[in-house]
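Colleague: Right, I'll just put the structure down here and ask away after.
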Amino acid sequence: MLFSVLTQSNHWSDQRVVAQSLKTGERRLLVRGASNARYLPTGHIVYARGQTLMAAPFNPERLELTGAAVPIVDGVMRANLQGPSSQWGFSGSGSLVYVPGGVGNDSELVWVDRTGLSRALKLPAEDFESPRLSPDGNRVAVTAIGDKPDIWVYDTPRETFTRLTFEGYNSHAVWTPDGTRITFFSYRDGSSHLLLKAADGSGAEEQIGSAEIATLFPQSWSPDGRMLTLSGLQASTRSWDIWVLPREGKASPLLQTRFTEGSGTLSPDGRWLAYVSNESGIYQVYVQAFPGPGGKWQVSTDGGAEPVWARNGRELFYRSGRKLMSVEITTNPAFVARNPKTLFESDYQPNVVVFGRQNYDVTPDGQRFIMIRSKESAAAANNPFMSKNAPQINVMLNLFEELERKVPTKTR
């Protein structure tokens, strides 16, 4: 059996290809910095390294490579942080199929108004994730993948883009309530951490939280800066849960069930927690009293994810498929959520996993959103002859013959 091992960095360059015998349970590391290996009838394994497919002769009885690997196809698309898998496969007759592209997706940060009209920020294309606006709305903290994920800060009035992190793999930026520092997840030196760093890049990083919860992802601070909500996978439950971490102390579970919960986001007044759960059979957005006890209300009606509060606390946004939804909220004398309404429908990039980051944010006045648009979607929007939904798929015939020619197997 061949499989990929993904470390807590969640980045393709830190994966390993591993072989394991189903008879004896013996396990061997075959390749570092690679993934998505498949064994072919020709006696080869083919695996992805970056955007390149590599092939090497393989002995399944001894669980070892028997020769050097060579590249066979370049320019194969793969996702990055959002699920690092290479987009390829093969048929029993020896045809190789793949989606052309690179590592991650070139994208751009865009301002979007409440009707869906957009304007791109003056930044070079990059594989962006999880933009978060500062409390004053003037700066954007965002994960830029590049060779590895790092946190960057874009100053909108000055139009400067500054790198905040350098060591390890860094993601899930969350502003502190006063806007002076940024909380983020970091994987470095073989372990994961929750860190704080000044938003202007000055000073040293500060670790928060104890080691046993350091694999959880930061989500939102309470308005007084004393509590941090987190989402993460715990070995004991094997499901994503929502935890809360006091500024001084250890984390404890807030929502820990047999279902999946994530994206726990506190309201501006700190009294309500919006989150996503699949307890109904599909992912929906819920709101409950924080820290509890109290009631719980389902806010979305047709599936939902990525909840984001308006800064006035009277509106909750979420994603439902390609739609950005808005729900009017009142909390006095009791919590009431009105019927959801669609603001606009678009191809702005969503977050494809439930356990943490929202892939957009809202300005303090609630009139604009910072979102991510792929360069392909932008091109398709301006070209009526381009399909917005059908990626190109390449087919390479006679893969088995090509492997025997380029990577001959040795006699076992």
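Colleague: Would you pick out the residues in the range 293-320 that are touching a residue at least 24 places away in the same chain (Cβ under 8 Å), part of a loop (DSSP other than H, G, I, E, B) and either surrounded by 12 or more Cβ atoms within 10 Å (Cβ to Cβ) or on the phi > 0 side of the Ramachandran plot (or both)?
Modeller: Scanning the range 293-320 gives V299, S300, T301, G304, A310, R311, N312, G313.
Colleague: Let me ask something else about it. Mind checking whether some residue in the range 377-399 is in a strand (DSSP E or B), out of contact with any Pro (no Cβ under 8 Å at 6 or more places or on another chain) and modelled with pLDDT of 95 or more?
Modeller: Among the residues of the range 377-399, not one is in a strand (DSSP E or B), out of contact with any Pro (no Cβ under 8 Å at 6 or more places or on another chain) and modelled with pLDDT of 95 or more, which makes the answer no.
Colleague: I'm trying to understand the selection: among the residues of the range 347-376, which are modelled with pLDDT of 90 or more and part of a loop (DSSP other than H, G, I, E, B)?
Modeller: Y348, Q358, N359, Y360, T363, P364, D365, G366, Q367, listed by residue number.
Colleague: Could I ask something else about it? Looking at (1) in the same structural domain as V17 (by TED's automatic domain parsing); (2) in contact with a Gly (Cβ under 7 Å, 6 or more places away or on another chain), find the lone condition where I145 falls short.
Modeller: Every condition holds for I145 apart from (1).
Colleague: Here is a check on your reading of the model: is R158 more than 24 Å from S192 (Cβ to Cβ), buried (at least 20 other Cβ atoms within 10 Å of the Cβ) and out of contact with any Gly (no Cβ under 6 Å at 6 or more places or on another chain)?
Modeller: no
Colleague: Moving on to the next point. If you scan the range 126-140, which residues turn out to be charged (D, E, K, R), more than 11 Å from I151 (Cβ to Cβ) and touching a strand residue (DSSP E or B) at 6+ places or on another chain (Cβ under 9 Å)?
Modeller: E126, D127, R139
Colleague: Would you point out which residue out of R163, R181, R158, R139 is under 24 Å from G50 (Cβ atoms) and in the same structural domain as L228 (by TED's automatic domain parsing)?
Modeller: Testing whether each residue is under 24 Å from G50 (Cβ atoms) and in the same structural domain as L228 (by TED's automatic domain parsing) leaves just R163.
Colleague: Are there any pairs, at least 6 apart or on different chains, whose C-beta atoms fall under 6 Å, with the first in the range 325-353 and more than 24 Å from S118 (Cα to Cα) and the second among the hydroxyl-bearing types (S, T, Y) and not in a loop (DSSP other than H, G, I, E, B), and if so, which?
Modeller: If the second residue must be among the hydroxyl-bearing types (S, T, Y) and not in a loop (DSSP other than H, G, I, E, B), the pairs left are V336/T330.
Colleague: Quick check on the range 184-198. Is at least one of its residues under 29 Å from R139 (Cβ atoms), assigned to a loop (DSSP other than H, G, I, E, B) and at pLDDT 95 or above?
Modeller: So far as the range 184-198 goes, no, none of its residues is under 29 Å from R139 (Cβ atoms), assigned to a loop (DSSP other than H, G, I, E, B) and at pLDDT 95 or above.
Colleague: Do we find that A173 is at pLDDT 95 or above, under 14 Å from the mean Cα position of the chain (by Cα) and hydrophobic (A, V, I, L, M, F, W, C) in this structure?
Modeller: Spelling it out, A173 is indeed at pLDDT 95 or above, under 14 Å from the mean Cα position of the chain (by Cα) and hydrophobic (A, V, I, L, M, F, W, C).
Colleague: Scan V70, V103, V110 and give me the residue that is β-branched (V, I, T) and modelled with pLDDT under 90.
Modeller: Result of the check over V70, V103, V110: V103.
Here's the yes/no breakdown for (1) buried (at least 17 other Cβ atoms within 10 Å of the Cβ); (2) at pLDDT below 90:
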site: K23; (1), (2): no, yes
site: R32; (1), (2): no, yes
site: N36; (1), (2): yes, yes
site: T42; (1), (2): yes, no
site: V46; (1), (2): yes, no
site: P57; (1), (2): yes, no
site: L63; (1), (2): yes, no
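Colleague: Which members of the range 327-341 meet the condition of being exposed (fewer than 11 other Cβ atoms within 10 Å of the Cβ) and in a strand (DSSP E or B)?
Modeller: Once the filter is applied, which keeps residues that are exposed (fewer than 11 other Cβ atoms within 10 Å of the Cβ) and in a strand (DSSP E or B), the range 327-341 yields only K341.
Colleague: Counting just the residues of the range 180-206 that are buried (at least 20 other Cβ atoms within 10 Å of the Cβ) and β-branched (V, I, T), which one comes out nearest to T229 (Cα to Cα)?
Modeller: So, considering only residues that are buried (at least 20 other Cβ atoms within 10 Å of the Cβ) and β-branched (V, I, T), the one nearest to T229 (Cα to Cα) is T183.
Colleague: How about the range 48-164: which strands (runs of 3 or more DSSP E) wholly inside it have at least 2 residues that are within 19 Å of the chain's Cα centre (by Cα)?
Modeller: Correct list: 107-113, 128-133, 139-144, 150-155.
Colleague: Given the conditions (1) surrounded by 14 or more Cβ atoms within 10 Å (Cβ to Cβ); (2) under 30 Å from T330 (Cβ atoms); (3) among the hydroxyl-bearing types (S, T, Y), and given that S280 satisfies all but one, which numbered condition is not satisfied?
Modeller: Only one criterion is unmet by S280, namely (1).
Colleague: Scanning the range 207-228 for residues that are part of a loop (DSSP other than H, G, I, E, B) and at pLDDT 90 or above, which turns out surrounded by the fewest Cβ atoms within 10 Å (Cβ to Cβ)?
Modeller: Here the residue is D224.
The values are calculated or read from the model by the stated rules, or taken from the named source; none is laboratory data. Note that the coordinates shown come from a computational prediction; the quantities given were computed from them, not determined experimentally. Using ideal geometry, Cβ is built from the backbone for each residue, glycine included, and neighbour counts are taken over all protein chains shown.
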